[in-house]
Structure formats: C-alpha cells, structure tokens
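The values are calculated or read from the model by the stated rules, or taken from the named source; none is laboratory data. From a predicted model like this one, the values you see are computed outputs, not experimental measurements. Backbone-built Cβ (ideal geometry, glycine too); neighbour counts: all protein chains shown.
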Amino acid sequence: MASVSLDRATTLLGHYIDQNIPAHLWGHPGIGKSEVVQQIATERKAKLIDIRLSMFDPVDLRGLPTTQNGETEWLRPAIWPKDNESTILFFDELDRAAPAVQNAALQIILDRKIGEHALPDQVRIVAAGNGTTDRVGTNRTSNAGNNRFAHIEVEPDVDAWKKWAYQTNLHPLVIAFVSFRPQLLHYSMDDKLAKDRNAKSMPTPRSWSEVAKFADAPDDIQHDLVSGLIGEGPAAEFDGFARTFRNLPSLDGVIADPNGAKVPDDPGSRFAISVGLSVMADASNFNNVVTYARRLPDDFSAMLVTDATRRDNGLYHTQSFSQFARDHQEVFQ
C-alpha cells in the first residue's frame, strides 16, 4: 500500500467510517495516528473509546463469567459502547497485543459481536499499529485478520504537520525549527537517527509538541529538557536555532515598518522571521506582512504567506493575498 500524509489519512479514514468499513492506520510511533482518530471523533461529535490492546486480556473484551440459573453468562464490560450513542471504537496497538487478545478483537471487528454482546449500529471501528519494522515489541498480524480492514499507511509530512501546528497554536520557535530542518520532524526521515538503535529519545511529531512546552525555558535548563525528549544531536541543533530566534528583529517593528526593517542574511534567521510573522499576521496587518515578505527571497516569501493563510483562512480573501498570488502563480496555481 502507498504511504500518505496525516491529512490524506484523515480524509481516507473519514470515507471508510462513512461506509462502515473498519480501517487500520499503520505508521511509526509518535507520528500522530491516535491524534487523527481523536480529530475524527471530535469533528463528528462521536464518543471515542480508546482501547490499548497491549494492556488487555481476552476477558477484558468479553467480560467476566457469572452464573445465572445454573448457566454461564458473560457480564458486559464497562468499556462496551452504549446504545444510541455515536461511537468510534479504537483498537490501538493491535499488533502489540498478545495473539489471544488479537483474536478476541478481530471477532468484534468481523462479526461486530463477541459472545452475547453485539455492537450497536452507530459504532464504527478503527485500529492502529506500528508494524514490525519499528522493533517495539510487535506481534505479526494474521492474513485473515488483515483482510478484515482497509489499511492506511501514514508517513511523516512536514506541510501537514505545520498545518496542524498552526491550528493548535504550537510555539512558533518549534514550527520555525522544523521548517528549517524538516528531516528532524521524525527520526525515520533522518538516516543517522533511524539507524541509531540505542537512542531512547528521538524527534517525532509527538515529541515536538512536548518540546514546545519548554520553548521559553531558561537557557541553563532548556537543553537538558529538550534533549530528554528528542535526543542530544537534535537538541544541540535546536539550541543554536533558538538563539537565532531570540535575536530576531522586533516583529512588531517589522510590521510597523515593513519597507525599512532589516532583512536577515542567513537561512536560519529567514526561516525564523518568516514563521514569526506568519503567526502574527491578521487582517489588520497582513498588507504590511506581505510588503515585508516581498523583500525576502522568493522561497521564504512564499512560505511566509502560505503559512499565514494556512493558519488564518480568512487571509485568503484579502486584496494583499490576491495580488501576491497573482505575482507568484507558480506557487498558488
């Protein structure tokens, strides 16, 4: 199967859910599979039942046995979806579950029931796993089990991640750094990191969201905090970029005087100021932001305007954007 970005995976998953087809997301740890399912549930106002199968026993899915009138019955588990409630039943870490647990989950997926317990009609099923290439204690899933799903392979995608980062107001320092060093969005995109089997901390979309919590930490502790999340090498690069980011010209000053403000010479500073301005852009100052963008090299000016409109869709409808898009048709066609 072909690999797709998180944006594309979200679209595909939505179509499978509409047709009541169980879907399985595959991808590296920390890439954002769980977040995709959460996003779908939130958009559809559906309850999300998140079951980490690696922590379950088969009886947890079927329920405990009891006796009634001399016969064995199975109590309904508390996690079982309720009637008349739109629900996404999410079997996470399916390929890390013991074979007996996989078999119990696959019975639910195929038959929409286990024992006496049947899923309500409004329940939709999604699963996720890492695959055997990640060496994270996975168990091979059977061909029969795989045939019960539509499969979606998710790969790291910087543009999709940046769109998510802007929408969630992630710290601009982190967005700027990943724009500057896109290979460090995820360890699988960097050959050296991917081959380091001893690494305990590594960059992933998930870990970058944690790094953002320390973007304003004091210099004397920031490096240790960040290296604990993404590893020593990426953290050292992040340190240097953070110093560049903090030494940028005043963004308020740039917006106030877009024709006179200094334009940085080095690529790191250009990435930093482009992201910084894209975060600050709004309808009231966008004309000045675009004026300054035009003074940057074309690739940076296009990134600045693209990121600003990605964060605030209303900017697409401004005269400033329309004119910029006409002047850069190769980017916005």
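Below is a table of values for the structure above.
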{"item": "Test: residue in the range 294-314 that is at negative phi and touching an Asp or Glu at 6+ places or on another chain (Cβ under 6 Å)", "result": "no"}
{"item": "From Lys192, Lys162, residue being assigned by TED's automatic domain parsing to the domain that holds Asp312, exposed (fewer than 14 other Cβ atoms within 10 Å of the Cβ) and part of a helix (DSSP H, G or I)", "result": "Lys192"}
{"item": "Selected residue (only one of Ile17, Ile21, Ile31 is farther than 15 Å from Trp161 by Cβ and either among the small types (Gly, Ala, Ser) or surrounded by 15 or more Cβ atoms within 10 Å (Cβ to Cβ) (or both))", "result": "Ile17"}
{"item": "Whichever residue in the range 215-268 is of a type in the set (S, T, N, Q) and exposed (fewer than 13 other Cβ atoms within 10 Å of the Cβ) and, among such residues, is farthest from Asn287 (Cα to Cα)", "result": "Asn247"}
{"item": "Of residues in the range 278-327 being outside any helix (DSSP H, G or I) and of a type in the set (Asp, Glu), the one farthest from Asp265 (Cα to Cα)", "result": "Asp312"}
{"item": "Which listed residue is modelled with pLDDT of 90 or more and assigned to a helix (DSSP H, G or I), from Val174, Val126", "result": "Val174"}
{"item": "Cross-chain or 6+ apart pairs with Cβ under 7 Å, the range 1-28 first and closer than 23 Å to Ile108 by Cβ, then small (Gly, Ala, Ser) and part of a loop (DSSP other than H, G, I, E, B)", "result": "Trp26/Gly131"}
{"item": "Selected residue (criterion: farthest from Leu170 (Cα to Cα)) from residues of the range 280-290 that are surrounded by fewer than 20 Cβ atoms within 10 Å (Cβ to Cβ) and not polar (S, T, N, Q)", "result": "Ala283"}
{"item": "Which numbered condition Met202 fails, given (1) surrounded by fewer than 17 Cβ atoms within 10 Å (Cβ to Cβ); (2) at pLDDT below 95; (3) closer than 28 Å to His28 by Cα", "result": "(1)"}
{"item": "Qualifying strands (runs of 3 or more DSSP E) (wholly inside the range 35-117; at least 1 residues being out of contact with any helix residue (DSSP H, G or I) (no Cβ under 8 Å at 6 or more places or on another chain), among the polar types (S, T, N, Q) and closer than 25 Å to Asn146 by Cβ)", "result": "87-92"}
